[in-house]
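Only one structure is covered here, and it is reproduced in the block below.
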Amino acid sequence: MKKIFLVMRREIVNTFHSRLYVFFAFILPVLVVLIVGAVKLIQSRSTSAIENENAVSSTYPQLNYEGIIDQSGFVQFIPEEFQNYLRLYSDEDHAKKDLQSGRISAYYIIPADYLDMGEIYYVYPNEKSFMIDGQSWVMSKTLMFNLLDADLTLLDMPWNPIRYLEKRTFSPQPLTNGFQGEDCSRPGASCVSNDLVRYMPSIMVALFFVTFMTSSNKLFDNVHTEKENRTIEVVLLSISPKQLLAGKILGLGLTGFLQTAVWLGSFFISFNLGGMALNLPHNFEFPIHILIWGLIYFVGGFSLYANLMAGSGALVQKMKEAGIVNYIILAPLFLGYIFGLIAPLSDTSNSPILIFLSIFPFTSPLVMIMRMTDGIVPLWQLISSVVLLFLTAYITLNTVASMFHAQNLLSGQPFSLKRYVRVMLGR
Amino acid sequence: MNKLWRVAVFDYKRNVYKKSFIFTLLSVPLILAFCIGVGLFIESGMHNSNLVGYVDKAGVIKKSVLSPEIRNTWLTEFNKPVEFIAYPSEEQAQTALKEKIIQAYYLIPTDYFLTRHVIQVYLEKPGNNSDYQFFDFLQLNLVEDKPQEIAFRVAFGTKTIVRSLDAKRFVPESGPTFGSLMPLFINLSFLGLIMASSGYTISAMAEEKENRTQEILITSISNLELIGGKILGIVLISLTMLITWSIVVFIGIFSASRMGISWFKDLSMDFRIVISTLAIALPAYVLVTALMVAIGSAAPSEKEGQSFATIFIIFHIVPLYLGIYFMKTPHSPVAIILSMMPFTGLMAIGVRNFFSIVPTWQVLASVASQIIWALVSIRFAIWAFRFVNLRFGQRLKWVELFTLGRIGSL
């Protein structure tokens, strides 16, 4: 135990001497919190001014003045509510001129075949992003108004046939994220109106992925360097491979854990205290249980991948091979990363494949964190996932420790996946 | 010139004639294909074509049999559209749901015309397409007394296509086409190229320094020939990768287009953006390669050089992480500054060009900036190489290397 502690202490001291680590682990998160705090302070001072401005604004304070070029001759009427925001032009040149002079913010072209094709063109100034929706709904509603012969009483019904879609399920477990309609009190896809809250599960996945990658790569480098300069052979004379590996994993794990904890803490402070600075909804709260489970998954995930990387570090002969070896070993993590990143964006975080990946130990540290941030995960899934993860980490620790023998360390053979698996299986 | 060529060919053969190179060659298109595959797979899981029931207590649905035109439109939009079945009572709908005859049912309450409140009941979350289709279905029935073409247009609404002022860029409501994403893919492949070749570049210099071959080499070859040969060799390796990736990608696109995947049908692209991307990417690539050479020749070990190279790669990725910010404000001061800077310029212009049209002056300024930085970095690489050779055996501080005044005085 004392030897494990000695190895661990040495790894921690070495890591803390790295300026890059100190910068990314401590300085950068503190800077993030300071910036968010400063923005919040500035915003809080200007809030009263904004409130006064809003008080004098009209019915549609956000609407801009836009033009219409109607080549179909279909637009005969403009609804009263939009008459101050839409203007008809006889041709595109005039509209373009007004757009460039700033008199209108955009214009629509209604082609002659509109009724058949249903397509209209929305022309922005070049400075505006093509991916921003703008206010095309104003034109869509105006067109529907004309389709219904300017019948204002009839318009409202087909324009919005469902005001409230209530969802009921007979399922024993909440298979959706458990929330009805828009809910911005916690992160996830159920919050449609705030991008940051909506994409928070993906942000969590990215944070964990980067942490696993950097921490496990550090262990790979560490083992490989000691192997290259022959220190490991000397060290192994007085310490068992398991003690060496456990000490290294604990030391580097703790520094990685600290880095993740500091980043999660800075997220927690920024999201909860800096709500206004980040334009977060008033009722938003970053759930504390995600932090606790996040740290559990960090320990399990890091132990698993650190073991695998340490094993490959022991077998790799040249640093040049490291890139490919890292690709192979970290491939399942990458798989989890891609699924974890895309699933919350497409509202499929509770699909069967994602449930499987959140229990499968090689992908669970990322996918489960994403699912937990996105919604409610049944307890049995959480427990089985954690048990499997720690069990796999323990098994890999034993098998990788068996790799730390002279015949592997001194063999001089190039790394191959076949050899890696063979040695892992003890053959 | 002969010696320069020999160095280039030697470095090329040493790196390309290896199994690991095949892995590097195939990894980028495989990762790209995997990401697209995951996206398509997840998207397909969001649709469910099983039957959907409804219980109409308000008497809204008068026309439950739909015209072929409407069915065809749904077929185009949803690939496998759902069919709606009417149930006279909620109990019957519930039974059908529990027996899994239907994936969900909608209940239209008696007070629907007052409240417009609709209830969706399900066992497992139904496909997103059922909500969209039911919305259309309701709209069609609300205007069923209107002429067919009017009712059709009311239900299927207006599709807004965002168009650039010069009518050369179009972004449909359904999202960007593959053709409009192509320039961004070119940017990403250059980023991949920089990442993949950085390892070769560092090791090209560091390995010979580590095993002391370098000192023997410079007795019979000039610094320029050695550095030039190595850079040429790496450019050839990169070209091999780029050509292979392009072939694989084109085969993939051709196959997808033949298989009828709609996203790959519109391959039209704005060639101004492709040209501007290449104009920035080439000097940006030279800049990084030359800097990697400098680092490789100055680093005490290959490992230290690699870790330093990672910092350059992180700078390249910064604009990708600012993607959402660029989407909302593609012409903000931060976006413009990052477009002009070395390392970030390549991806910043690429991401901004995807969301908007970057003014020509900014593209030209970025190209000029990248070229100037590339030329400076080539000069710097040669200086660094000479400087390190003169400091034979001594450990070099990075600050010393980047103090150009001292290097320039050599």
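The values are calculated or read from the model by the stated rules, or taken from the named source; none is laboratory data. Computed from a predicted structure; not experimentally measured. In this analysis, Cβ positions are derived from the backbone assuming ideal geometry, glycine residues included, and neighbour counts consider all displayed protein chains.
State which residue is surrounded by the most Cβ atoms within 10 Å (Cβ to Cβ) when the search covers only region B:156-166 and only residues that are touching a strand residue (DSSP E or B) at 6+ places or on another chain (Cβ under 8 Å) and in a loop (DSSP other than H, G, I, E, B).
Looking at residues that are touching a strand residue (DSSP E or B) at 6+ places or on another chain (Cβ under 8 Å) and in a loop (DSSP other than H, G, I, E, B), I get B:THR158.
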Filter pass, B:SER174 being modelled with pLDDT of 80 or more, of a type in the set (S, T, N, Q) and either in a helix (DSSP H, G or I) or surrounded by fewer than 16 Cβ atoms within 10 Å (Cβ to Cβ) (or both): no
Of all residues in region A:215-257 being more than 16 Å from A:LEU330 (Cβ to Cβ) and acidic (Asp, Glu), the one that is nearest to the other protein chains (Cβ to nearest Cβ): A:GLU228
Close pairs (6 angstrom Cβ cut-off, 6 or more residues apart or separate chains): under 15 Å from A:PRO158 (Cβ atoms) and at the interface with chain A (Cβ under 8 Å from one of its Cβ atoms) in region B:113-135, surrounded by fewer than 15 Cβ atoms within 10 Å (Cβ to Cβ) and not aromatic (Phe, Trp, Tyr) anywhere: B:ARG116/A:ARG163
Given (1) away from chain A (no Cβ under 14 Å); (2) of a type in the set (S, T, N, Q); (3) without any contact (Cβ under 8 Å) to a residue 24 or more places away in the chain, number of the condition B:SER297 does not satisfy: (3)
Scope region B:329-375; condition under 15 Å from A:ASN126 (Cβ atoms) and touching a residue at least 40 places away in the same chain (Cβ under 8 Å); matching residues: B:ILE349, B:ASN353, B:PHE354, B:ILE357, B:VAL358, B:VAL363
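When you look at A:LEU295, is it away from every other protein chain (no Cβ under 11 Å), at pLDDT below 85 and under 22 Å from A:ILE249 (Cβ atoms), yes or no? Give the steps one after another, and end with the answer.
On the way: away from every other protein chain (no Cβ under 11 Å): yes; at pLDDT below 85: yes; under 22 Å from A:ILE249 (Cβ atoms): yes.
It is true that A:LEU295 is away from every other protein chain (no Cβ under 11 Å), at pLDDT below 85 and under 22 Å from A:ILE249 (Cβ atoms).
Residues to consider are B:LEU282, B:LEU320, B:LEU278, B:LEU291; find the one that is buried (at least 18 other Cβ atoms within 10 Å of the Cβ) and either part of a helix (DSSP H, G or I) or at pLDDT 85 or above (or both). Working first, answer last.
Values: B:LEU282 fails: buried (at least 18 other Cβ atoms within 10 Å of the Cβ); B:LEU320 fails: buried (at least 18 other Cβ atoms within 10 Å of the Cβ); B:LEU278 fails: buried (at least 18 other Cβ atoms within 10 Å of the Cβ).
Matching residue, one of B:LEU282, B:LEU320, B:LEU278, B:LEU291: B:LEU291.
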Residue selected from region B:45-65 under the condition at pLDDT below 85 and closer than 15 Å to B:SER130 by Cβ, by the criterion surrounded by the most Cβ atoms within 10 Å (Cβ to Cβ): B:ASN48
Residue in region B:298-312 that is touching a Gly at 6+ places or on another chain (Cβ under 6 Å) and assigned to a loop (DSSP other than H, G, I, E, B) present: yes
Qualifying residue in region B:206-214 (condition: assigned to a helix (DSSP H, G or I), crowded, with 17+ Cβ neighbours inside 10 Å, touching a Gly at 6+ places or on another chain (Cβ under 9 Å) and among the aliphatic types (A, V, I, L, M)): yes
Elements of type helices (runs of 4 or more DSSP H) contained in region A:121-212, each with 2 or more residues being at the interface with chain B (Cβ under 7 Å from one of its Cβ atoms) and at pLDDT 80 or above: A:136-147, A:152-159
Condition check for A:LEU333: farther than 15 Å from A:PHE212 by Cα and modelled with pLDDT of 70 or more: no
Given (1) away from chain A (no Cβ under 14 Å); (2) in a helix (DSSP H, G or I); (3) under 30 Å from B:SER366 (Cβ atoms); (4) modelled with pLDDT under 80, index of the condition B:LEU267 fails: (2)
Residue satisfying all of: in region A:362-383; assigned to a loop (DSSP other than H, G, I, E, B) and touching a residue at least 60 places away in the same chain (Cβ under 8 Å); farthest from A:GLU285 (Cα to Cα) among these: A:PRO378
Residue satisfying all of: in region B:189-235; in contact with an Asp or Glu (Cβ under 8 Å, 6 or more places away or on another chain) and charged (D, E, K, R); modelled with the highest pLDDT among these: B:LYS230
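So, in region B:140-155, how many residues would count as being outside any loop (DSSP other than H, G, I, E, B) and more than 11 Å from B:LYS63 (Cα to Cα)? Please lay out each step first, then the result.
In the first step, residues of region B:140-155 are kept if they are outside any loop (DSSP other than H, G, I, E, B); the result is B:140-142, B:148-155.
From the residues that got through so far, the ones that are more than 11 Å from B:LYS63 (Cα to Cα) too are B:148-155.
Residues meeting the conditions: 8.
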Of the criteria (1) buried (at least 18 other Cβ atoms within 10 Å of the Cβ); (2) hydrophobic (A, V, I, L, M, F, W, C); (3) more than 23 Å from the chain's Cα centre (by Cα), which one B:LEU217 fails: (1)
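Out of B:PHE178, B:PHE135, report the one residue that is within 28 Å of A:LYS141 (Cβ to Cβ) and either under 34 Å from the mean Cα position of the chain (by Cα) or not polar (S, T, N, Q) (or both). Step through it out loud before you land on a result.
Numbers: B:PHE178 fails: within 28 Å of A:LYS141 (Cβ to Cβ).
Exactly one residue qualifies, and that residue is B:PHE135.
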